[in-house]
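K.L.:
Got a structure for you, questions after.
The values are calculated or read from the model by the stated rules, or taken from the named source; none is laboratory data. A quick note: this is a predicted structure, and the numbers were derived from the prediction, not measured. Cβ coordinates were reconstructed from backbone atoms using ideal geometry, including for glycine residues, and neighbour counts include every protein chain displayed.
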Amino acid sequence: MEFWSADEEFDSEGVEDRFARRVRSEREARGLSQADLAKLLSTKGVRAHPTTVGKIESRDGDRPRSIRLDEAAAISAVFGIPLDDLVGRPQRFDRQAAIDRVRVAAIQTLQSIASAVEPLGQAIQALKIDPENSDHLAELNKQDLDSVEVGPIFQRAVLMGVSRRRLAEKLDSISEVIGEIGGYATMDEELVTAQFRELTSRTDGAGTRRLGVDDNPS
């Protein structure tokens, strides 16, 4: 079954062109090759080869290959994008909505980081090492490193504890930047303007264009 028939009220070729461009755009955005997408389509019950994906994405020629309904549905499922969105006309860019998504993503990222490092922190804490006690470390340095008390096992534990402290410092810096990114979404307008002016004062017009702050998408 073809996805669109020639007797549709709308221009089927135009719809398929939009669908093809969107498929290629979404595939490339995910870093997938045509072979990768073909394998994913196979998991959705559609037998596909890299050439199949190539023909779906390519609308060149007088008689481009028709896109089947099962292929379109499988692609929609693989990308997690409603079929209507894949075939619809591009909507006006909503920057405020995009900003809100960034804020939510920043919160989720911070939560993910905390959850990801928690098991590591608990495991290192179980080593019963206090790398913050510099006096204790200095005293250990005076002892025979070949002794049982300060042998390789203990040394590994101390090094792990010290590295955990370094990790915590770096994570604090990363979390601060992520929080800053998400914080701009709800920051007071006057403060936003002040920070924006400070930013643009350090760049010329070309610099702000590279930042994408002076465009007006439609």
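K.L.:
Any residue in region 129-138 that is at pLDDT 85 or above and either in contact with an Asp or Glu (Cβ under 8 Å, 6 or more places away or on another chain) or in a helix (DSSP H, G or I) (or both)?
P.N.:
Scanning region 129-138 turns up no residue that is at pLDDT 85 or above and either in contact with an Asp or Glu (Cβ under 8 Å, 6 or more places away or on another chain) or in a helix (DSSP H, G or I) (or both).
K.L.:
For region 106-124, name all the residues that are under 11 Å from ARG164 (Cα atoms) and touching a residue at least 12 places away in the same chain (Cβ under 8 Å). Talk me through it step by step, then tell me what you get.
P.N.:
So in region 106-124, the residues under 11 Å from ARG164 (Cα atoms) come out as 117, 120-124.
Listed by number, the residues that qualify are VAL117, LEU120, GLY121, ILE124.
K.L.:
Residues of region 198-207 being loosely packed, with under 10 Cβ neighbours inside 10 Å and at pLDDT 85 or above, which ones?
P.N.:
GLU198, SER201
K.L.:
Does region 151-163 include one or more residues that are over 30 Å from GLN96 (Cα atoms), exposed (fewer than 12 other Cβ atoms within 10 Å of the Cβ) and at pLDDT below 95?
P.N.:
Yes, some residue in region 151-163 is over 30 Å from GLN96 (Cα atoms), exposed (fewer than 12 other Cβ atoms within 10 Å of the Cβ) and at pLDDT below 95.
K.L.:
How many of the residues in region 149-161 are closer than 11 Å to LEU127 by Cβ and not small (Gly, Ala, Ser)?
P.N.:
The qualifying residues number 6.
K.L.:
Only helices (runs of 4 or more DSSP H) wholly contained in region 20-89 count here; list those with 3 or more residues that are surrounded by fewer than 18 Cβ atoms within 10 Å (Cβ to Cβ) and either at pLDDT below 90 or at positive phi (or both).
P.N.:
Qualifying helices (runs of 4 or more DSSP H): 83-87.
K.L.:
So in region 91-116, with the set limited to residues that are surrounded by fewer than 10 Cβ atoms within 10 Å (Cβ to Cβ) and not in a helix (DSSP H, G or I), which one is modelled with the lowest pLDDT?
P.N.:
Step by step, filter region 91-116, then rank; the result is GLN91.
K.L.:
Now, a different point. Only one residue in ALA194, ALA123, ALA185 is assigned by TED's automatic domain parsing to the domain that holds ILE107, in contact with an Asp or Glu (Cβ under 7 Å, 6 or more places away or on another chain) and modelled with pLDDT of 90 or more. Which one?
P.N.:
Selected residue: ALA185, the only one of ALA194, ALA123, ALA185 that is assigned by TED's automatic domain parsing to the domain that holds ILE107, in contact with an Asp or Glu (Cβ under 7 Å, 6 or more places away or on another chain) and modelled with pLDDT of 90 or more.
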